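Below: one structure, written as structure tokens.
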Amino acid sequence: MLTFLQQNLATIVISLILLGIVALIVRKTVKDSCSGSLWNCRCSCSECPYTPLENKK
Amino acid sequence: METKIALAGNPNSGKTTVFNILTGSKQYVGNWPGVTVEKKEGRLRGFDNVLIQDLPGIYSLSPYSLEEVIARNYIINERPDVILNIVDASNIERNLYLTVQLLEIGLPVVAALNMMDVVRKNGDFINTARLSEMLGCEIIETAAIRGEGLMTAARRAAELAGTEKTPVPRHRFSDPVEQAVTRIGEIISGTVDPQYLRWFAIKLFERDEKVREELGLDANLSAGIENIIRNCEQELDDDAESIITNERYEFIGRLMAACVRREERKNNLTLSDKIDRIVTNRVLALPIFAAVMFVVYYISVTTAGSLLTDFANDVLFGEWIMGNLSEWLAAIGTAGWLTSLIVDGIIGGVGAVLGFLPQMVILFLMLAILEEIGYMARVAFIMDRIFRKFGLSGKSFIPMLIGSGCSVPGIMASRTIENERDRRMTIITTSFIPCGAKIPIIALIAGAIFKGAWWVAPTAYFAGIAAVVISGIILKKTKYFAGQPAPFVMELPPYHLPYAGNILRSVKERSRSFVRKAGTVILLASIVIWFFSSFGMVSGRLLWVEDMEFSILAAAGGLLAPLFAPLGFGSWQPAVATVMGLVAKEEVVGAFGVLFGVAGDALALVEEGAYEGLAAIAAHFTPLSAFSFLLFNLLCAPCFAAIGAIRREMNNAKWTWFAISYHFAFAYSISLIVYQLGLLASGAGFSPASAAALLLVAVLAYLLLHRPYNETRRLKSAAAEIHSS
């Protein structure tokens, strides 16, 4: 087991970092989806003159 | 206690600039009327208890447009403590019409005479003390672009809000009107807020339908009011609305005579007028517009932008990131599949998209400069003349101008169009104009297939405009879109030197959204594409495959590929890239990055013919099929974000599906015609697909040339049938 870990340490660490990044993106995507802002242009909605006020809140 | 200040004023009078300075916000400031569609709010800097509400620009409080409805409803229903009226002093006569109406409401009003720097520069003079006395409200001189006088105006408004005194406007109508308004006021006195009594009475006198509905008066009261109005109309020999309008303008005429002195000018032409004589000239306007857009796209995609993109692709992603990262990952003993995921999948996909950022920044910069100096407002005016012939008005071109950055706000901007049919048609056609996300596709095809040919990028833009015009003609002839386009009235702002802050803000916002997408949606999509292109079902088991042709993605894409074969790109890679473009249009390039390995220095190598990816691309594209691919991806359904915006703005599933289906059918037809007729022209044999293309040309010609649907004619023939039976 230890040998396996030693031999694949780089792969495991980088995989975990990558998984973390993907998890953060997915979390953000789900959060955006729940708030209804997933399918917007990804500009700053709070500063967009076309965003309805209730959505900004 | 919280104080609410409402910012109200004419379109393009500088309200958003005032709002940004007063609240420290960074709202987008556009140099054309109608930038603010929804109201926005922020706190006055240094005064947490003072809330400032920026309302859409309006010319009057009559509910003729959505902006006027939003602004009026806010003022009447939300009851701000004070109105800060932003008056464009360089166009004071027209702006005062709204000021007079705001004073009729009965709320305290502070008028900020904005753009006083322009007034002084023109050598004009406004006697603000006299104007303040005659109007019955406080007036502060301001110059928003320099920040002069704004805090004084806001502070004065906040102080005024704290006083209990209800202001009394100095303007009185003629005796018959005043008597009628008073009598109407007596009738409705128990039903409305006493503070707004005079305003409601005037609106009822004008026969304002929305106010009538809101008050819900019974038949007897309504008949009594109607009787009062008719008597007054008979006495003054005009209709009620005209009487009110004329008397307000007469009052403004008196104000102008007493308070404003204009400098005599040679020929009475300003510098803007002189420029407009050329730029909006009946003959020269279109060629100038075409030349300007040609230069914009040529510089951003082919020359300066291309140099920077080459650096980003060749050096940044190619040598520094991909090359060094591969070596480093191998050196630390990372597994081959993980190196492939990071280098080929993530860097390949995201890098391919981000590599085009310099071109997009230059494009956004040039469009922002054109807008800031005031040219884009002229383009709407120029296009009105063209669009009108095809059933759309210049008002439809403003969403398209905004859509050249991103289709989502472009589609949302269509809500300023009052006519429902025109609005729907604008929503459908806005995404034909290439948005920023389509620039990487244009740049990739222009660079990799056409060796950086100068005409590809401008052609893509003009193909978008042609698609709007053709769609306008076709759709306007159907009964769902028939009718005269709404009149387009737009104030052309004077030309001025670009304000760096506004330009940088615009470029930053647009570019940031592009980078955000690359770091989120594109990254996830690249991983998905890498996974499905690296694994395949071998002997019933999911296994790593060396050759993508045996991957799951190849199998799935292979099912779709025949659909695109008549368009010239019938292999699975372009089919997958096209479908992935629905996630985000940049992902077309991202998918190419993963599937063909065109990220990094591949683009340069492709041009040199020294990269094995060249063989892969060359196997799938000829110049003709690449152009067909480009057209299809420019014109077909936009990304999911834009589809979501279409759904929201249409507020109807049927119309949303119609829009998407129309995009697809239109893009497919145009690409098929271009590719198949191109093949015929190059001497290829006649095929069933050629026949289909010729048939489509005939259908298109019929749709363009047949008689338009005419509601009056249909009604007349239906009536004749009933009569004869």
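Where a number appears in this text, it was derived from the coordinates with a stated rule and is not lab data. Since this is a predicted model, take the numbers as computed values, not measurements. All Cβ positions, even for glycine, are placed from backbone atoms using ideal geometry, and neighbour counts span all protein chains on display.
Miscellaneous remarks
- As a length-normalised measure over Cα pairs under 8 Å and 6 or more apart, the relative contact order of chain B settles at 12 percent.
- Total charge dipole magnitude, segment B:175-261, about the Cα centre, Cβ charges on Lys, Arg, Asp, Glu only, Debye to nearest 20: 380 debye
- The slack in the chain from B:Leu325 to B:Arg79, taken as 0.36 nm per residue of separation less the alpha-carbon distance, amounts to 82.5 nm.
- Cut-off 14 Å, label 7 Å out along Cα→Cβ of B:Ala692, residues of segment B:557-596 by amide N: B:560-571
- Degrees, to the nearest 10: B:375-389 long Cα axis against longest axis of chain B: 90 degrees
- Where N is the number of residues in segment B:287-512, Cα Rg divided by 2.2 N^0.38 Å: 1.20
- Efficiency of FRET between B:Ala684 and B:Ser661 - r from beta-carbon atoms, R0 25 angstrom, step 0.05: 0.25
- Model label zone, B:Val315; criterion: amide N under 20 Å from point 7 Å along Cα-to-beta-carbon; scope segment B:331-371: B:351-363
- Within the protein assembly as shown, antiparallel bridges make up roughly 40 percent of the DSSP beta bridges whose residues both belong there.
- Taken residue by residue and averaged, Cβ atoms of other chains lying within 10 Å of the Cβ of B:664-674 number 0.
- Note: relative contact order over segment B:191-293, using C-alpha pairs below 8 Å and six or more positions apart, is 17 percent.
- Between helix B:92-105 and chain B: long-axis angle, C-alpha atoms, 0 to 90°, nearest 10: 70 degrees
- Estimated FRET transfer efficiency (B:Glu2, A:Arg27; beta-carbon r; R0 35 Å; 0.05): 0.45
- Taking the square roots of five times each eigenvalue of the Cα gyration tensor of segment B:60-117, the equivalent ellipsoid has semi-axes of 20, 14, 9 Å, listed largest first.
- Alpha-carbon centroids, segment B:332-358 and segment B:378-406: separation in whole Å: 41 Å
- Gain on full stretching of the segment that runs from B:Leu542 to B:Thr163 - 0.36 nm per residue minus C-alpha separation: 128.8 nm
- Relative contact order computed over segment B:507-568 (Cα-Cα under 8 Å; 6+ residues apart), in percent: 22 percent
- Sorted peptide list for B:192-202, B:572-582, B:460-470, criterion being average Cβ within 10 angstrom, highest first: B:572-582, B:460-470, B:192-202
- Length released on extending from B:Ala701 to B:Arg282, taking residue separation times 0.36 nm less the Cα-Cα span: 148.0 nm
- For chain B, average projected area of the Cα convex hull in nm²: 41.7 nm²
- Nearest-0.05 FRET efficiency for A:Ile17 and B:Lys451, computed from C-beta distance (R0 30 Å): 0.15
- Using just its DSSP H runs of length 4 or more, each adding -39500 (n - 2.57), the protein assembly as shown gives a mean residue ellipticity at 222 nm of -18000 deg cm²/dmol after division by all residues.
- Taken residue by residue and averaged, Cβ atoms of other chains lying within 10 Å of the Cβ of B:333-341 number 4.
- Long pairs among B:Lys479/B:Lys654; B:Lys4/B:Lys203; B:Lys517/B:Lys585; B:Lys389/B:Lys477; B:Lys438/B:Lys479; B:Lys389/B:Lys479, criterion Cα-Cα beyond 21 Å: B:Lys4/B:Lys203; B:Lys438/B:Lys479
- D_trans [Stokes-Einstein, Kirkwood Rh over alpha-carbon pairs] for the protein assembly as shown, 37 °C, 0.692 mPa s, µm² s⁻¹: 112 µm²/s
- Volume of the Cα convex hull of segment B:3-161, divided per residue and given in Å³: 99 Å³
- Kirkwood Rh, angstrom, segment B:416-559 [1 / mean 1/r, Cα pairs]: 20.2 Å
- Counting only other chain Cβ atoms within 10 Å of each residue's Cβ, the peptide A:17-25 averages 2.
- Counting only alpha carbon atoms, the long axis of helix B:240-259 and the longest principal axis of chain B meet at about 80°.
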